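Participant: One structure, pasted below without further comment.
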Amino acid sequence: MTAKDPRSGKILHQEKREYFEIGLDIEGRMRYGAWQIKEILDLTLPPMKTREERFLFTLPKDTEEVLVEVKASYCIKGSKCDVIYTESKKITYSEL
């Protein structure tokens, strides 16, 4: 997730979340032993399931407009990743 100032292109906030197949790292090697899998279930996303994520952050006080872009990528092996979903929204607000 990236939040940018649409006028200057300056990145105001950036955050990343990663999920792995149970027991394997991104290179396909054993990441955890079977006894540890129960402890890491929050890092996995079961097949055909979705997960809602929330990113909370504060912006500089003088910011009136921000472009928020979210990308979901699927990594098959190591650095071989494909973007499978992208959404961008421009948010305009002002202080009352």
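Participant: Could you give the length gained by full extension between Glu53 and Ser94, i.e. 0.36 nm per residue of separation minus their alpha carbon distance, to one decimal place?
Facilitator: Values: separation 41, 0.36 × 41 = 14.76 nm, distance 2.52 nm.
Value of the extension gain: 12.2 nm.
Participant: What FRET efficiency comes out for Lys80 versus His13 if R0 is 22 angstrom and r is the Cβ-Cβ distance? Round to the nearest 0.05.
Facilitator: Working: r = 27 Å, r/R0 = 1.25.
The calculated FRET efficiency here is 0.20.
Coordinate-derived values only; no laboratory data. Computed from a prediction, not measured in an experiment: that's the story for all the values here. Cβ atoms come from the backbone with ideal geometry, glycine included; neighbour counts cover every protein chain shown.
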